[in-house]
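Colleague: This is the structure I want to talk about, given as structure tokens.
The values are calculated or read from the model by the stated rules, or taken from the named source; none is laboratory data. This is a predicted model, so every value here is computed, not measured. Please note: Cβ atoms are built from the backbone with ideal geometry, for glycine as well, and neighbour counts cover all protein chains shown.
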Amino acid sequence: MASNGDLFGGSAARKPSAAAPARAAERKPARAGTPGEADYTAASIEVLEGLEPVRRRPGMYIGGTDETALHHLFAEVIDNAMDEAVARHATFIEVEMQAGGWCAVTDNGRGIPVDPHPKFPKKSALEVIMTTLHAGGKFDSGAYQTSGGLHGVGVSVVNALSERLEVEVWRNRTQYRQAFERGHAVTKLETVGPAPNKRGTRVRFRPDEQIFGKGAALKPARVFRMARSKAYLFGGVEIRWKCDPALLEPGASVPAEAVFHFPGGLKDYLDQDIGGKELVAEPMFVGKVEKPGGHGSLEWAVAWLAEDDGFVHSYCNTIPTPDGGTHESGLRVALLRGLKDHAERVGQTRRAAQITTDDVMASCAALISVFFREPEFQGQNKSRLMSTEASRLVENAVRDSFDHWLAERPSQANRLLDWSVERAEERLRRRAEKDVARKTAVRKLRLPGKLADCSNNAAQGSELFIVEGDSAGGSAKQARDRQTQAVLPLRGKILNVANAGRDKLAANQTIADLTQALGCGTGSHYKEDDLRYERVIIMTDADVDGAHIASLLITFFWRQMPKLIDNGHLFLAVPPLYRLTQGAKSVYARDDADKERLLASAFSGRGKVEISRFKGLGEMPMKDLKETTMDPKRRALLRVAVLPEDRETTADAVERLMGSKPEARFQFIQERAALAGDLLDV
Ligand code: 28F
């Protein structure tokens, strides 16, 4: 909630919570974090719009209507309660899972304001907060995307997506309450009675089955973990958990009652995550920096696991940032630089030179939690922190502390250094092995002369274009990126392996060239690790002959290297059919529909549009071929894939269409003759 003088500078700054405090309408806006507490009143809420849009497109506000989205309702409510705790106005939060799909969250903070809203004399601040979407003052700086995802869409979204929601407020020594259904008030704000010794807010809600589907219900175990993580992330709050035993599976790991209070903060959290595992260096590297006024506070806990892979879990204002971001990169840089500086101090500079952040982080279990007034989020559901100051702030704070941690325990520091050097050497060894494998493949394979190979030694990131005919082959060799793109021109139609005997197969030079270029062997000898390219791209002319050759090639892979298809390596290039030119402007159309669309949309009314049909790849200017069909940044590719459930029908179709029984093919064509007729009429 926005309030001033609180430790973290107005956690509402972290997100406009229940009611996004916009600029105070009447008074000079109280900047979050300035001393003295601005006691917001109703006037400080900027009203924007009703809640209909939320029910019409819930995905725009909570990222979907699946189970994860359902739990965002709980996250939003507890985040508002956490605002009060982080702002040091609340000391405990209760979370209750009740029968009938109800969830109740209570805090002992200041209580949502209930005074009447000057612009809506009949509505209280509480009702305005609960029933209107907000852009919120904190949103003005553009620090938040209101278009999707979470981070402060506000409790009004929870209200809109709840079949019923009941709020109780204890404030001004009085208890108030109001009920809502699907975002609409169904009672007036009622004064329940005197409450001389109680303060706070309680929100009890039941997610709407019309939105989340019949039987959709919050999962106690997931809510339990979310509630517990908040207590780890802010040691100054006690979180009390209560769950109706009827909601717990017998023997569930979730208790019916629990109290979370972790003054040890992230250290306790990490202990809980990795408890008992052997560490490379002792003790855990933990730290906390609380900035005056709270802006830019942070906490971290880091441990290098001897036997397990690591992880990094990061948070901003107690909100998880599963897609990482600037705080995580600051942590990684601080750890790498700190370790390298230590190496220098102990005369190990050369050994440490090869260490990268991947080596340092490979087995590092780390938690990082930052508090920011106006964080910027990004990512599909706004789950990556983008604030650039976060990386600088984290790097500086962690680095200082890490230098001390290393200097205070040289033997542990050296163990960590040795460990990281080993990781680096292992990584370099693996890469060298891979390159050797590829080089020997080249030597051993005596690659076909027709192959214009790429210089990239690793399969990863390399592509082989199988091109029909020498002229297209020539254009492709000019258009390609020599670093990563190889070209193998094929002469004319290749053998139809579906109806060729083994000896015919073995004698066919084109098949031999192709098999040699790929390096992975065929049939039962196929070895995925020996495949010399990450992507195998069939690039044939966009005409009947080209389609036939593509079919023959796909048949070859399907019969001789099915795993190459299953592992997602086989693609079809999508060359354009037309180039449309008006004056100096040219655009490419993939097919007739695309052509019509572009003719209607891509050109101004003036001047004739020249339409040229690309017959063959060989006649395409090299620049066009590169831009439209080969450049990974601009091209489209069709991946050849067979769903497991379609394997049967696919094998059957290949047999009928390409197999040795012409009558099956003939029948297939007869069954579809009418269709061909239609095509001819067009
Ligand atoms: C169970 C969930 O939502 N707790 C909340 C407050 C306290 C204030 C507040 C909330 C003021 C006008 C923005 C009170 N007094 N728990 C909660 N506790 N919202 S939500 O104010 C909303 C702001 O618009 C509060 C003084 N300042 C803030």
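Colleague: Closer than 22 Å to Glu655 by Cβ and touching a strand residue (DSSP E or B) at 6+ places or on another chain (Cβ under 6 Å): does that describe Leu552?
Modeller: It is false that Leu552 is closer than 22 Å to Glu655 by Cβ and touching a strand residue (DSSP E or B) at 6+ places or on another chain (Cβ under 6 Å).
Colleague: Sticking with this structure for a sec: Looking only at the range 614-642, which residues are outside any helix (DSSP H, G or I) and modelled with pLDDT under 85?
Modeller: Phe614, Lys615, Gly616, Met620, Pro621
Colleague: Out of everything in the range 274-292 that is out of contact with any Asp or Glu (no Cβ under 8 Å at 6 or more places or on another chain) and surrounded by fewer than 17 Cβ atoms within 10 Å (Cβ to Cβ), what residue ends up being modelled with the lowest pLDDT?
Modeller: Among those residues, the one meeting the criterion is Pro292.
Colleague: Evaluate the range 439-456: report whether one residue or more is among the acidic types (Asp, Glu), in a helix (DSSP H, G or I) and touching a strand residue (DSSP E or B) at 6+ places or on another chain (Cβ under 9 Å).
Modeller: Looking for residues that are among the acidic types (Asp, Glu), in a helix (DSSP H, G or I) and touching a strand residue (DSSP E or B) at 6+ places or on another chain (Cβ under 9 Å), one finds none in the range 439-456, hence no.
Colleague: Restricting the search to the range 368-385, which residues are of a type in the set (A, V, I, L, M, F, W, C) and more than 19 Å from the chain's Cα centre (by Cα)?
Modeller: Hits for the range 368-385 are Val370, Phe371, Phe372.
Colleague: Residues of the range 110-134 being outside any loop (DSSP other than H, G, I, E, B), under 36 Å from the mean Cα position of the chain (by Cα) and of a type outside the set (A, V, I, L, M, F, W, C), which ones?
Modeller: Residues satisfying the conditions are Glu127, Thr131.
Colleague: Still on this structure, please answer the following. Please pick out the residue among Arg350, Arg373 that is among the charged types (D, E, K, R), at negative phi and crowded, with 20+ Cβ neighbours inside 10 Å.
Modeller: On inspection, the qualifying residue turns out to be Arg373.
Colleague: When the residues of the range 66-85 are narrowed to those that are crowded, with 23+ Cβ neighbours inside 10 Å and acidic (Asp, Glu), which ends up nearest to the ligand (Cβ to nearest atom)?
Modeller: By that ranking, first place goes to Glu84.
Colleague: Okay, moving on. Looking at Asp543, Asp594, Asp530, can you tell me which residue is over 20 Å from Ser660 (Cα atoms), touching a Cys at 6+ places or on another chain (Cβ under 8 Å) and not basic (Lys, Arg)?
Modeller: Asp530
Colleague: Out of Ala641, Ala636, Ala653, which single residue is under 26 Å from Ala479 (Cα atoms), of a type in the set (A, V, I, L, M, F, W, C) and surrounded by fewer than 18 Cβ atoms within 10 Å (Cβ to Cβ)?
Modeller: After ruling out the rest, the residue left standing is Ala636.
Colleague: Of these, Ala104, Ala32, Ala75, which one is out of contact with any Lys or Arg (no Cβ under 8 Å at 6 or more places or on another chain) and either in a loop (DSSP other than H, G, I, E, B) or at pLDDT 90 or above (or both)?
Modeller: Ala75
Colleague: Those residues that are over 19 Å from Leu572 (Cα atoms) and surrounded by 20 or more Cβ atoms within 10 Å (Cβ to Cβ), I need them from the range 514-537; list them, please.
Modeller: If the condition is that a residue be over 19 Å from Leu572 (Cα atoms) and surrounded by 20 or more Cβ atoms within 10 Å (Cβ to Cβ), then Gly519, Cys520 are the ones that fit.
Colleague: Residues that are in contact with an Asp or Glu (Cβ under 6 Å, 6 or more places away or on another chain) and free of Cβ contacts under 8 Å to residues at least 12 places away in the same chain: find the helices (runs of 4 or more DSSP H) completely inside the range 293-403 holding 2 or more of those.
Modeller: By residue number, no helices (runs of 4 or more DSSP H) qualify.
Colleague: If I filter the range 88-103 down to residues being over 30 Å from the mean Cα position of the chain (by Cα) and aliphatic (A, V, I, L, M), which single residue comes out as surrounded by the most Cβ atoms within 10 Å (Cβ to Cβ)?
Modeller: My answer is Ile93.
Colleague: Those residues that are hydrophobic (A, V, I, L, M, F, W, C), within 11 Å of the ligand (Cβ to nearest atom) and surrounded by fewer than 24 Cβ atoms within 10 Å (Cβ to Cβ), I need them from the range 106-124; list them, please.
Modeller: Result: Val114, single match.
Colleague: In the range 159-194, how many are under 20 Å from Gly100 (Cβ atoms), surrounded by fewer than 22 Cβ atoms within 10 Å (Cβ to Cβ), touching a Ser or Thr at 6+ places or on another chain (Cβ under 9 Å) and among the aliphatic types (A, V, I, L, M)?
Modeller: Final tally of qualifying residues: 1.
Colleague: Out of all the residues in the range 195-204, is one or more touching a strand residue (DSSP E or B) at 6+ places or on another chain (Cβ under 6 Å), more than 14 Å from the ligand (Cβ to nearest atom) and in contact (Cβ under 8 Å) with a residue 40 or more places away in the chain?
Modeller: Looking for residues that are touching a strand residue (DSSP E or B) at 6+ places or on another chain (Cβ under 6 Å), more than 14 Å from the ligand (Cβ to nearest atom) and in contact (Cβ under 8 Å) with a residue 40 or more places away in the chain, one finds none in the range 195-204, hence no.
Colleague: Okay, next question. Look through Leu385, Leu331 and report the one residue that is touching a Pro at 6+ places or on another chain (Cβ under 8 Å) and closer than 24 Å to Gly287 by Cα.
Modeller: Of Leu385, Leu331, the one residue that is touching a Pro at 6+ places or on another chain (Cβ under 8 Å) and closer than 24 Å to Gly287 by Cα is Leu385.
Colleague: Tell me which residues, restricted to the range 558-577, are more than 28 Å from the chain's Cα centre (by Cα) and either among the hydroxyl-bearing types (Ser, Thr, Tyr) or crowded, with 23+ Cβ neighbours inside 10 Å (or both).
Modeller: Met561, Pro575, Pro576, listed by residue number.
Colleague: Can you tell me which residues in the range 299-310 are at pLDDT below 95 and within 25 Å of Lys382 (Cα to Cα)?
Modeller: Listed by number, the list holds a single entry, Gly310.
Colleague: Which residues, taken from the range 86-95, are more than 11 Å from the ligand (Cβ to nearest atom) and not aromatic (Phe, Trp, Tyr)?
Modeller: Those that are more than 11 Å from the ligand (Cβ to nearest atom) and not aromatic (Phe, Trp, Tyr): Val86, Arg88, Thr91.
Colleague: While we're here: Here is a list: Gly492, Gly474, Gly461. Which entry is out of contact with any strand residue (DSSP E or B) (no Cβ under 6 Å at 6 or more places or on another chain) and at pLDDT below 85?
Modeller: Gly492
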